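K.L.:
Starting off with a structure, shown below.
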Amino acid sequence: MAARIIDGKAVAEEIRRELAARVEELKRSGIVPGLGVILVGEDPASVSYVTGKERACREMGFHSGNRHLPASTSEEELLSQVRELNEDPRIHGILVQLPLPAHIDAERVLLSISPEKDVDGLHPVSVGRLVLGQPTFVPCTAHGIVKLLVKSGVRLDGAHVVIVGRSNLVGRPLANLLTQRSSEGNATVTLCHTHTRNLAEHAARADILIAASGSPRMITPEMVKAGAVVIDVGVTRVEDPAKKKGFRLVGDVDFDAVKEKASLITPVPGGVGPLTITMLLYNTVESAERRVADPAAAAKGRA
Ligand SMILES: NC(=O)c1ccc[n+]([C@@H]2O[C@H](COP(=O)([O-])OP(=O)(O)OC[C@H]3O[C@@H](n4cnc5c(N)ncnc54)[C@H](OP(=O)(O)O)[C@@H]3O)[C@@H](O)[C@H]2O)c1
């Protein structure tokens, strides 16, 4: 029997409705969640991602501290812009869109973001807190995948999850989240990468298979256990003259073939993608709520 297809857009809308209620509650306490997105240069993919993030923030009624800077911006100027947002009490979250132009040290810039406003969850302090199971900001795509699984009724407790891809953005934080002792964790995780021997054998043992490799259609039906849940994180642009934009988006999973074997599967696009921006909104609301709960600690960077 063909798999049920997970509708990422519907799950994202459900989470946004829950967030809207929290935003209203914050506004009653006099707080409007504020996000500052910094874009340097005109990279088309980055412009498109940032436009989507800004639209989502507007729709949620957030305060905007967005800054679009020319590609020629110096590292010092960018650091000074981050510093301003760090010190601005109306801003609860800061995101510097990557990649940055080659003359800027991205690591130095990410380190300059206050961990209390690190809604992308990429600062070493956020990563350390995640590993230790402490409250933190979780990188948005990894967090979105967990929410997608939970809201689709997938049982994580005791499940064997195989993740293909060990990036700091997706695979690693996901492995950390899923192995936490929590209601959204308690899974057993195998984390695979290009040096994994017998990848297909590992994948075929998964109750939940998560592909985050960026290798189009690498997951074939032989790599999937009958009845497994399959989450496709991969997004690769493939030239397609038949499309208006000249390309189409392809996932890591051979969707048409694998959906005949899986029990639940995400499509590309429309699966994991819609959750990523939603979890950015989620982290910004969380940050604003922490400010209300403990204004002094948040200001001193202890929250
Ligand atoms: N939907 C969304 O919102 C969203 C968000 C983020 C990313 N993505 C997509 O997700 C994909 C992964 O993103 P990323 O940033 O994590 O990519 P990345 O930094 O390039 O990492 C890819 C990971 O996959 C592993 N890998 C690649 N090909 C493999 C193969 N054939 N077999 C086994 N492992 C393989 C790599 O192993 P090594 O470490 O050994 O090199 C690496 O760990 C991309 O397509 C990206 O566009 C989507």
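Just so it is clear, none of the values below were taken in a lab; they were calculated from the coordinates. Because the structure is a prediction, the values reported are computed rather than measured. Note that we place each Cβ from the backbone using ideal geometry, even for glycine, and neighbour counts take in every protein chain shown.
K.L.:
Taking the chain as a Gaussian network, where each spring joins two C-alpha atoms under 10 Å apart, which residue of Lys245, Lys259, Lys27 fluctuates the most?
P.N.:
Lys245
K.L.:
Can you tell me how the stretch 103-201 classifies by the Cα gyration tensor, rounded, prolate or oblate, using a/c under 1.5 as the rounded cut?
P.N.:
In terms of gyration-tensor shape, oblate.
K.L.:
Going by amide H atoms built from the backbone, whose H comes under 5 Å of the H on Leu69, apart from near neighbours?
P.N.:
Leu39, Val40, Gly41
K.L.:
Using only the Cα atoms, what convex hull volume per residue in Å³ does the chain have?
P.N.:
Working: hull volume 41.8 nm³, N = 303.
Taking only Cα atoms, the chain has a hull volume of 138 Å³ per residue.
K.L.:
Still on this structure: Using the Kirkwood formula over every pair of different C-alpha atoms, what hydrodynamic radius in Å results for the stretch 18-86?
P.N.:
Working: mean 1/r = 0.0744 Å⁻¹.
Roughly 13.4 Å, rounded to one decimal.
K.L.:
Moving to a separate point now. Using only Cα atoms, find the angle between the long axis of helix 140-151 and the longest principal axis of the chain, and express it within 0 to 90 degrees, rounded to the nearest 10.
P.N.:
Orientation of helix 140-151: about 60 degrees from the principal axis.
K.L.:
Non-local amide H neighbours of His63 (under 5 Å, H modeled in plane, Pro and chain starts lacking H): which ones?
P.N.:
Excluding prolines and chain starts, which carry no amide H, the hits are Gly34, Leu35.
K.L.:
If you build a Gaussian network model of the chain, linking Cα atoms that sit under 10 Å apart, which residue out of His92, His123, His63 swings the most?
P.N.:
Among His92, His123, His63, the largest GNM mean-square fluctuation belongs to His63.
K.L.:
Whose amide H sits under 5 Å from the amide H of Arg4, counting only residues 5 or more places off or on another chain, with H placed in the peptide plane?
P.N.:
Here the answer is Leu264, Ile265, since their amide H atoms fall under 5 Å of that of Arg4.
K.L.:
Let me ask something else. I'd like the antiparallel share, as a percent to the nearest 5, of DSSP beta bridges with both residues in the chain. All intermediate terms of the calculation are to be shown ahead of the outcome.
P.N.:
Values: 4 of 31 bridges.
Given both bridge residues lie in the chain, the antiparallel proportion sits at roughly 15 percent.
K.L.:
Let a ≥ b ≥ c be the square roots of the eigenvalues of the Cα gyration tensor of the stretch 1-123; is it rounded (a/c under 1.5), or, if not, prolate (a/b larger than b/c) or oblate?
P.N.:
On the way: a/c = 2.26, a/b = 1.34, b/c = 1.68.
Oblate.
K.L.:
Please find the FRET efficiency linking Arg237 to Glu184, where r is the Cβ-Cβ separation and R0 is fixed at 35 Å, and quote it to the nearest 0.05.
P.N.:
On the way: r = 31 Å, r/R0 = 0.90.
Efficiency, from the Cβ-Cβ distance: 0.65.
K.L.:
Further question: Dividing the convex hull volume of the Cα atoms of the stretch 140-275 by its residue count, what figure in Å³ per residue is obtained? Write down the numbers at each step before the final one.
P.N.:
Details: hull volume 14.4 nm³, N = 136.
Hull volume over Cα atoms, normalised by residue count, gives 106 Å³.
K.L.:
Within the set Lys151/Lys225; Lys53/Lys244; Lys225/Lys259, which residue pairs have Cα atoms separated by over 20 Å?
P.N.:
On the way: Lys151/Lys225 22 Å; Lys53/Lys244 23 Å; Lys225/Lys259 11 Å.
Going by Cα-Cα distance, Lys151/Lys225; Lys53/Lys244 fall outside the 20 Å limit.
K.L.:
On C-alpha positions alone, give me the angle between the axis of helix 44-59 and the longest principal axis of the chain, in degrees, nearest 10.
P.N.:
70 degrees
K.L.:
Using 7 Å Cα-to-Cβ label points, what is the Leu132/Arg108 separation (nm, one decimal)?
P.N.:
2.8 nm
K.L.:
Here is a further query. Multiply the residue gap between Lys244 and His193 by 0.36 nm, knock off their C-alpha separation, and tell me the result in nm, one decimal place.
P.N.:
Numbers: separation 51, 0.36 × 51 = 18.36 nm, distance 3.44 nm.
Length gained, Lys244 through His193: 14.9 nm.
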